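The values are calculated or read from the model by the stated rules, or taken from the named source; none is laboratory data. Here the structure is a predicted model, which means the values were calculated and not measured. We place every Cβ from the backbone using ideal geometry, glycine too, and count neighbours over all the protein chains shown. For the accessible areas, the whole protein counts, side chains as well, though only heavy atoms, and no ligand, DNA or RNA atoms are used. Shrake-Rupley method; radii C 1.70, N 1.55, O 1.52, S 1.80 Å.
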Amino acid sequence: MPSLVTPALPAGSLASTDQPDITGDGVLLRPWHADDHEAVVAAFTDPAIQQWHARTVTDDEAGDWIGQWPQRWQAETAASWAVIDDGVVAGQIGLRRIDLDEGLASISYWVLPEARGRRVAPRSLTALTTWSFATLGLHRLELSHSTANLSSCRVAQRCGYLPEGVKRGEALHADGWHDMHAHARLASDPAA
């Protein structure tokens with residue numbers, strides 16, 4: 001059925017280019033490499049990351065997890081970057097559920113234990129937000145986290161993601177259903 005609205009971004013906005021490196025305040029966001037395998041295994045065996053992302057990986061699955069991202073970039077459905085801080089992988093940040101027609105995407109991120117306390121998440125989120133609006137041309141970025149995840153809430157607020165409400169019982173974690181805070185930024189919002 002034809003739409004009466006021109007898509008916010010044309011098909012090919014991602015697939016027509018290679019996934020870029022993105023620089024920010026002391027961080028580099030770059031596509032995942034096969035040799036990042038150990039960092040991915042370390043992340044998904046960390047109890048805090050498991051708690052909030054409800055995932056774990058085996059050694060073999062870590063390679064598959066890294067290997068999926070080029071195809072998802074080409075399909076224009078999702079993207080993930082390794083966050084490099086002080087020359088090593090410190091975390092992950094990504095665009096999930098990319099919808100070019102609507103000009104929106106959801107954000108996810110995690111930080112490895114040894115990199116916590118250095119503002120890796122807000123520096124990465126600021127870099128990805130700036131690129132997503134200024135270069136890619138998205139209109140809206142969404143971010144959600146468990147209401148029990150106060151650290152993630154502070155990151156969202158520090159980066160100008162306004163609270164939009166609570167989604168009751170939206171996410172199933174290992175310890176049961178969690179209410180989720182919804183945050184968002186629009187391209188027209190003032191910089192944080």
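Observations, loosely collected:
- Residue match in the stretch 25-36 (condition: part of a helix (DSSP H, G or I), over 15 Å from the mean Cα position of the chain (by Cα) and surrounded by 13 or more Cβ atoms within 10 Å (Cβ to Cβ)): yes
- Selected residue [of a type in the set (Ser, Thr, Tyr), more than 14 Å from the chain's Cα centre (by Cα) and open to solvent by 20 Å² or more (accessible area, probe 1.4 Å)] from Ser188, Ser146: Ser188
- Qualifying position, being among the acidic types (Asp, Glu) and modelled with pLDDT of 95 or more, among Glu61, Glu114: Glu114
- Criterion: closer than 23 Å to Ala105 by Cα, in a loop (DSSP other than H, G, I, E, B) and touching a strand residue (DSSP E or B) at 6+ places or on another chain (Cβ under 9 Å) - qualifying residue of Pro7, Pro2, Pro70, Pro20: Pro20
- Per-region count, the stretch 59-85, residues out of contact with any helix residue (DSSP H, G or I) (no Cβ under 8 Å at 6 or more places or on another chain) and of a type outside the set (Gly, Ala, Ser): 13
- Taken over the stretch 96-132, residues that are open to solvent by 30 Å² or more (accessible area, probe 1.4 Å), within 16 Å of His183 (Cβ to Cβ) and in a helix (DSSP H, G or I) amount to 1.
- Which numbered condition Asp85 misses (of (1) touching a residue at least 60 places away in the same chain (Cβ under 8 Å); (2) crowded, with 19+ Cβ neighbours inside 10 Å; (3) more than 30 Å from Gly176 (Cβ to Cβ)): (1)
- The set of residues from the stretch 41-58 being touching a strand residue (DSSP E or B) at 6+ places or on another chain (Cβ under 8 Å) and in a helix (DSSP H, G or I) comprises Ala43, Ile49, Gln51, Trp52, His53.
- Cross-chain or 6+ apart pairs with Cβ under 7 Å, the stretch 139-163 first and under 15 Å from Gly94 (Cα atoms), then crowded, with 16+ Cβ neighbours inside 10 Å and of a type in the set (Lys, Arg): Leu141/Arg185
- In the stretch 73-94, of all residues being of a type outside the set (A, V, I, L, M) and in contact with a Gly (Cβ under 9 Å, 6 or more places away or on another chain), the one that is nearest to Ser144 (Cα to Cα) corresponds to Ser80.
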